[in-house]
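Novice: Here's a structure for you.
Throughout, read-outs are computed from the coordinates displayed, never taken from laboratory work. Nothing here was measured: the structure is a model prediction, and the numbers come from that model. As a convention, Cβ positions derive from the backbone with ideal geometry for all residues, glycine included, and neighbour counts pool all protein chains shown.
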Amino acid sequence: MDNIFLLKTGWRSIWRNRRRTLITLSSVAFGLLVSVTFTGSADYAYTNMIDTSATMGFGHVTVAAAGYNRAPSPSLVLSGCDLVLAAAVKSGVRAARLRIVAQAMLAAGGRSSGGEVMGIDPAVETGGFNVFLRDIVRGRMFTPAETRGALVGEVMARRLKLVPGRRLVYTTTDRHGEMVSGVARISGIFRTGVSGVDNGVVVLPLARLRQVLGYGRDEASFAALFLADQRQSRIVRNSLARHFTGIGREILTWRETQADLAGLIAMDRAGNYLMQFLIWLLVAAGIFNTMQMSVMERRRQFGIMQAVGMAPRWIFFLVMAEALWLGVCGLAVGVVVTLPCYLYLRHVGLNLETLIGNDYSAAGVLVDPVLRLRLFPETGLVIVGFLFFIVLAAGVYPGLVAARTRPIAAMRQR
Amino acid sequence: MAVTEMLRMEEVSRIYRRGRLEVRALDRISLALAVGDFAALCGPSGSGKTTILNLVGCLDLPDDGRIFIEGGDIASLSSAALAALRRDRIGFVFQSYNLIPVLTAAENAGFVLELQGRPRAGIRQRVEEVLVEVGLSGLGNRRPDDLSGGQQQRVAIARALAPEPAIILADEPTANVDSATAAGLLDLMERLNAEKGITFLFSTHDERVMQRARRLLHLRDGRLV
Ligand SMILES: Nc1ncnc2c1ncn2[C@@H]1O[C@H](COP(=O)(O)OP(=O)(O)OP(=O)(O)O)[C@@H](O)[C@H]1O
Ligand SMILES: [Mg+2]
């Protein structure tokens with residue numbers, strides 16, 4: 001008995017009961033569609049949130065002085081920044097930016113507010129890696145020549161009655177813990193949509209903040225590194241860690257710098273997998289049931305096969321060949337059904353604004369109201385592989401039942 | 001032991017137990033068939049015909065007594081060896097629904113050859129031969145559903161015949177066909193017996209079929225009479 005004969009017999013056997021097979025195939029296809037939609041929308045949303053969160057300051061990977069992430073302070077200074085940037089570029093990051101961040105008291109026209117100042121380099125920063133530049137709603141970004149320029153969030157601007165051109169005084173502590181202050185003139189106002197940020201962050205020129213805080217030319221709070229693909233964060237971190245071990249620096253991924261977001265994603269992902277698992281279980285139960293039925297209906301046939309000398313093992317393989325075909329065909333149908341849906345949701349998306357509104361944020365990141373999918377190729381393979389495995393697994397017990405058919409008993413019932 | 005002995009049963013008993021109920025289906029049966037025999041088991045319903053064929057066909061084991069096939073005691077064989085013995089030396093024809101519905105007549109006829117793992121070309125050639133032999137040449141591509149009852153039994157005989165077995169066991173092979181078809185099937189079996197020397201043991205309770213047998217084994221209540 002060879003495999004081709006088994007596959008041929010299995011193929012014809014599943015089509016003996018066309019209706020049942022079509023139902024089975026659609027349930028496999030349905031499982032694929034659901035899995036791709038669930039996983040794809042989650043992967044898209046996570047990537048979106050991670051990328052957006054990265055542009056709010058820390059990047060996907062952050063290089064800082066040791067201890068900075070646990071207790072950020074102006075006295076924890078990252079030095080040798082040029083070396084860090086050079087190493088980052090060598091390890092394939094898309095962009096590397098230096099930033100200084102400090103808690104500050106912000107005052108204007110007799111009003112004041114707590115917040116944070118962030119120094120960035122106007123010569124290199126762009127909206128692509130910096131949400132504050134991207135989301136300017138009034139005025140404009142300060143130029144490298146404007147050494148006292150500043151961007152302020154919309155909410156704080158309203159509270160402190162700031163408009164472009166107005167003065168703002170910031171007071172903070174320098175690297176030695178001494179109180180220092182500086183004056184800035186508002187160049188633009190941004191609106192990220194995340195109220196904590198729009199009410200807290202003031203963006204200043206990096207060079208100016210260096211002077212105020214007493215940092216050297218080659219110093220900053222941290223270097224924010226941006227990757228083309230956030231999933232590479234760990235790899236890049238590890239490769240950089242090889243450069244910088246044991247010299248008072250720490251290299252972090254977004255998981256550490258954005259622990260809230262990482263926790264939210266982990267929870268959501270677990271819930272998502274649980275849902276999918278339950279759906280897969282349903283699919284498997286359906287297939288198991290139909291296969292079991294079809295095996296019970298063919299007891300006499302399996303009895304005769306054994307009587308004429310077919311080894312039980314081969315009868316098992318015969319049923320598994322049927323499961324194999326159900327898996328292959330079900331997934332083929334599934335791909336045909338899923339692909340157009342996927343491509344639509346990948347490139348066009350489904351606008352859910354009316355359902356969830358357009359200002360919903362989670363873990364400090366604005367959530368896109370448009371349902372879009374993005375499936376990483378390896379995730380797609382895992383889904384297909386897992387569904388295929390499920391179908392095969394559903395065939396195992398019916399296969400064993402078929403293999404254990406006792407010819408005499410099977411033949412006695414007509 | 002004579003090499004011309006096909007099979008022998010010595011004091012074979014088979015008792016079916018269902019709960020506390022015991023059915024003594026066979027009661028110390030002894031019989032022997034020589035190579036080339038054309039023998040019929042006959043007797044009323046429930047007399048033990050199918051039970052004997054199951055035991056001789058190594059599908060069932062006796063509760064007592066010994067069974068020898070071509071001189072070998074089947075009690076000493078593993079279940080794999082029994083399956084191989086059935087596949088290679090014994091042909092089976094059952095009363096009805098013998099065939100695998102999703103396979104064509106030719107594929108059914110070649111089924112045991114597939115099990116034996118013979119090469120494709122050899123199988124095709126042998127199947128053509130046996131289909132001619134059973135009078136079905138040209139019908140090889142039909143599915144069982146598209147064949148008459150008699151034609152289906154001929155395909156079953158072709159399947160049994162294809163691996164050139166030593167013995168063909170047939171449990172009421174003519175019970176589900178009309179008498180003209182039954183006569184045709186018996187002609188076929190007789191010819192195969194005469195020309196190929198294949199031993200036949202079949203069961204029947206049809207008088208006309210009994211008359212065609214060269215040896216009659218009468219069973220009643222699990223005993224030979
Ligand atoms: N699996 C079984 N369990 C219980 N009793 C059985 C079983 N198989 C057969 N019997 C009993 O054993 C006896 C002999 O049965 P067997 O099938 O051999 O008779 P038979 O001569 O083939 O009858 P028929 O002409 O109806 O086919 C009967 O009384 C039958 O009821
Ligand atoms: Mg019977």
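Novice: Just need the relative contact order of the stretch A:59-257 here, percent rounded to a whole number, with Cα pairs under 8 Å and 6+ apart.
Specialist: That works out to 36 percent.
Novice: Given a Förster distance of 41 angstrom, what is the FRET efficiency for A:R406 paired with B:E207, based on the Cβ-Cβ distance and rounded to 0.05?
Specialist: 0.80
Novice: While we're looking at this one, here's another question. For A:K8, give me every one of the lysines with a C-alpha distance below 26 angstrom, ignoring sequence neighbours fewer than eight places off in its own chain.
Specialist: none
Novice: Then there's this: Express the Stokes-Einstein translational diffusion coefficient of the stretch B:5-224 in µm² s⁻¹, to the nearest whole number, given a Kirkwood radius over alpha-carbon pairs, 25 °C and a viscosity of 0.890 mPa s.
Specialist: Approximately 138 µm²/s, per Stokes-Einstein.
Novice: Using alpha carbons only, how many degrees (0 to 90, rounded to 10) separate the axis of helix A:233-244 from the longest principal axis of chain A?
Specialist: Helix A:233-244 sits at roughly 50 degrees to that axis.
Novice: Continuing with this model, one more query. Which FRET efficiency, nearest 0.05, do A:K8 and A:K90 yield, Cβ-Cβ r, R0 60 Å?
Specialist: 0.60
Novice: Related question: Using +1 at the C-beta of Lys and Arg and -1 at the C-beta of Asp and Glu, which of B:S203, A:H347, A:S195 has the Cα lying farthest in the positive direction of the dipole of the protein assembly as shown?
Specialist: Result: A:S195, furthest along the dipole toward the positive end.
Novice: Here's another thing I want to ask about it. For the stretch A:59-257, with only Lys/Arg (+1) and Asp/Glu (-1) charged at the beta-carbon, what is the dipole magnitude about the Cα centre, in debye rounded to 20?
Specialist: Charge dipole of the stretch A:59-257: 400 debye, to the nearest 20.
Novice: What are the residues whose amide H is under 5 Å from the amide H of A:L371, where those residues sit 5 or more places off or on another chain and H is modelled from the backbone?
Specialist: A:L350, A:N351, A:L352
Novice: Cα-based Rg (one decimal) and Dmax (whole number) for the stretch A:1-121, in Å?
Specialist: 28.6, 92
Novice: Okay, next question. Using the Cα atoms of the protein assembly as shown, I'd like the radius of gyration and the largest Cα-Cα distance, Dmax, both in angstrom.
Specialist: Cα radius of gyration and Dmax of the protein assembly as shown are 41.3, 125 Å respectively.
Novice: What nm distance separates the two modelled labels at B:E128 and A:V163, each placed 7 Å from Cα along Cα→Cβ?
Specialist: Each label point lies 7 Å from its Cα, and together they span 10.0 nm.
Novice: Using alpha carbon centroids, what distance separates the stretch B:128-150 and the stretch A:4-60, in Å?
Specialist: If you average the Cα positions of each part, the centres end up 45 Å apart.
Novice: Calculated FRET efficiency, A:L343 and B:L61, Cβ-Cβ r, R0 60 Å, to nearest 0.05?
Specialist: 0.45
Novice: From Cα pairs below 8 angstrom and at least 6 apart in sequence, can you work out the relative contact order of the stretch B:67-143, rounded to a whole percent?
Specialist: Relative CO of the stretch B:67-143 lands at 31 percent.
Novice: Calculate how steeply helix B:79-89 sits against the longest principal axis of the alpha-carbon atoms of chain B, using the helix alpha-carbon long axis, and give the answer as 0 to 90 degrees to the nearest 10.
Specialist: So the helix axis and the longest Cα principal axis differ by about 60 degrees.
Novice: Expressed as a rounded percentage, what relative contact order does the stretch B:26-90 have, with Cα pairs under 8 Å and six or more residues apart?
Specialist: So the answer I get is 24 percent.
Novice: Helix A:259-297 versus the longest principal axis of chain A: what is the Cα-based angle in degrees, 0 to 90, to the nearest 10?
Specialist: Roughly 10 degrees, rounded to the nearest 10.
Novice: Once label points are set 7 Å from the Cα along Cα→Cβ at both B:L216 and B:E190, what is their separation, rounded to one decimal in nm?
Specialist: 1.5 nm
Novice: Here's another thing I want to ask about it. Roughly what would the spin-label model give for A:E378 and B:Y16, points 7 Å off Cα along C-beta, in nm?
Specialist: According to this spin-label approximation, the distance is 6.1 nm.
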